[in-house]
Amino acid sequence: MANKTDAQLDGPRLKAVADQIRLIYTSDGRPWVIGYSGGKDSTAAVQLVWHALAELPQEQRTKPVYIIASDTLVETPVIVDYINRSLERINAAAKQSGLPISAHKVLPELQNTFWVNMIGRGYPAPYRRFRWCTDRLKIEPANKFIQARVSEHGEVVLVLGVRRSESTTRARVIDLHQKPGQLLSPHSTLTGAMVYTPVVDFSTDDVWAYLLSVPSPWGNNNRDLVTMYRNAQAGECPLVVDKTTPSCGNSRFGCWTCTVVERDRSMEAMVDSGEEWLIPLLELRDWLGSTRDPAKKHRFREVRRRDGRVHIWGDNKDKIIWGPYKLEVRKEILRLLLMAEQSVQEEGPISTMRLISDEELHVIRRLWRMEEGDWEDSLPKIVQDATGKALDWVDDDVAGSSGLDIQVLADVCGKHNVPPGAIRELIDLERELQGLGRRTSVFDRIDRVLGKDWRTAEEVFQSINWRQSEQATELGGHDAD
């Protein structure tokens with residue numbers, strides 16, 4: 001497609017796209033799922049489909065069209081607000097127009113949210129070779145929705161607003177899966193999903209010319225989209241349904257917590273354009289990024305990984321594959337997050353804006369008590385101190401609550417040269433199993449506790465002659481849970 005688009009929807013080139021959309025839509029009974037991120041490309045794709053279907057007779061508008069937007073729960077607040085309003089308008093306008101279109105927001109499962117994994121389980125700030133968040137926050141929620149439609153209907157057509165001219169990588173992926181002359185191509189990982197890309201040959205100029213000449217059918221002002229892009233100096237972060245989609249990174253809209261890139265130029269640009277209430281989020285994001293400094297990892301991370309073992313590597317076996325964030329660090333992240341939330345509520349446009357939900361706080365508290373032996377039950381106090389609010393906490397909902405004196409345990413273990421952590425976990429296990437008629441696999445669970453490496457960090461350092469200066473090399477893909 002050339003770099004200039006006809007201004008009118010019934011122009012020859014746009015008419016050809018509309019005819020193609022109608023042909024594919026009416027050719028079979030497969031429902032459509034359209035990925036919508038709120039950005040220019042996905043907006044153009046939705047608008048094209050909307051206008052094309054509106055030209056069909058009512059009796060031919062039989063197949064449902066699902067529009068899905070992925071909310072990672074850590075999206076930039078400005079974008080979240082825009083998408084929420086857009087989805088509401090899409091549903092209202094589709095109902096009024098008699099179109100079989102419905103908009104849905106897909107969310108990560110509670111156990112898989114960014115904060116549950118980072119603050120609850122101690123997952124480190126993601127980086128390019130360890131993007132643990134992509135699967136959990138983006139791919140799995142979108143795929144779950146798509147697979148549910150596949151189960152219901154047999155197959156679906158997945159409509160994506162992707163373009164060859166976005167990047168060389170994007171063009172390569174498209175050409176790999178889409179054969180010349182083929183309008184639909186099988187999705188690389190989703191069985192039962194055929195991919196259709198109506199704007200695949202649009203240039204950036206094509207997209208903007210179309211959006212600025214054809215009004216939004218659901219009542220958005222597309223010039224607001226232009227302003228949002230200009231203020232953020234951003235590109236679109238597409239719906240992610242597989243790992244061939246590159247990280248948002250650089251100046252694209254995306255998660256405000258993303259540390260895959262060194263600087264969040266998009267949020268920096270928003271702050272420079274007047275959205276100063278976002279500064280606490282930018283500062284927290286930068287602080288999280290600083291914890292990835294190889295020379296400082298020993299301050300923030302456990303020497304043991306989540307499997308309870310110490311993993312070392314290198315020619316001299318003196319480099320550590322660091323484990324999750326220390327509990328003290330997770331507590332600090334939670335404090336900083338709650339303080340940032342208070343700030344954006346006071347300074348931002350939405351006084352009820354939440355950065356972490358009450359449900360997430362309850363899950364994190366449970367993880368701390370069950371996995372970290374947090375007998376002090378410190379999370380409710382952190383929330384109270386940071387926000388002045390007391391949530392409706394469940395009392396004694398897990399084993400190993402605050403009935404024992406930690407200092408007494410430490411003193412006794414010190415006298416007998418026994419690791420306090422091991423004894424604490426054994427006590428927690430006993431309390432968890434107390435009163436059960438059958439203690440299935442109890443010996444296996446005891447073995448797992450005793451099989452952990454209970455050496456202190458100092459003992460580990462001494463045993464491998466660890467030198468901080470040699471930790472500058474990152475072991476890609478192994479810096480995990």
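The values are calculated or read from the model by the stated rules, or taken from the named source; none is laboratory data. For clarity, every value in this text was computed on a predicted model and none was experimentally measured. FYI the Cβ positions are ideal-geometry reconstructions off the backbone, even for glycines, and counts take in every protein chain you see.
For the stretch 287-332, the set of residues classified as surrounded by 21 or more Cβ atoms within 10 Å (Cβ to Cβ) and within 21 Å of Asp385 (Cα to Cα) consists of Arg330 only. As a summary of the residue check, Gln20 satisfies the conditions (1) touching a residue at least 60 places away in the same chain (Cβ under 8 Å); (2) closer than 30 Å to Asp358 by Cβ except for the one numbered (2).
In the condition set (1) under 24 Å from His187 (Cα atoms); (2) buried (at least 16 other Cβ atoms within 10 Å of the Cβ), Phe114 is compliant with all but (1). Residues of the stretch 51-86 that are crowded, with 23+ Cβ neighbours inside 10 Å, more than 26 Å from Pro349 (Cα to Cα) and in contact (Cβ under 8 Å) with a residue 40 or more places away in the chain: Leu53 alone. When Asp201 is tested against the conditions (1) outside any helix (DSSP H, G or I); (2) surrounded by fewer than 17 Cβ atoms within 10 Å (Cβ to Cβ); (3) modelled with pLDDT of 90 or more; (4) not aromatic (Phe, Trp, Tyr), the lone failure is (3). If you go through the stretch 349-379 and keep only what is exposed (fewer than 14 other Cβ atoms within 10 Å of the Cβ) and under 30 Å from Gly308 (Cα atoms), you end up with Asp358, Glu359, Glu376. Being of a type in the set (A, V, I, L, M) and farther than 20 Å from Phe114 by Cβ holds for only one residue in Ile321, Ile356, Ile364, Ile382, and it is Ile321. Every condition in (1) at pLDDT 95 or above; (2) not assigned by TED's automatic domain parsing to the domain that holds Val214 is met by Trp32 except one, and the failing one is (2). Only one of the listed residues (Trp322, Trp287) is at pLDDT 85 or above and within 23 Å of Glu341 (Cα to Cα). That residue is Trp287. As a summary of the residue check, Gln111 satisfies the conditions (1) within 17 Å of Asn220 (Cα to Cα); (2) under 29 Å from the mean Cα position of the chain (by Cα) except for the one numbered (1). When Trp218 is tested against (1) at pLDDT 95 or above; (2) farther than 22 Å from Asp19 by Cα, exactly one condition is not met: (2).
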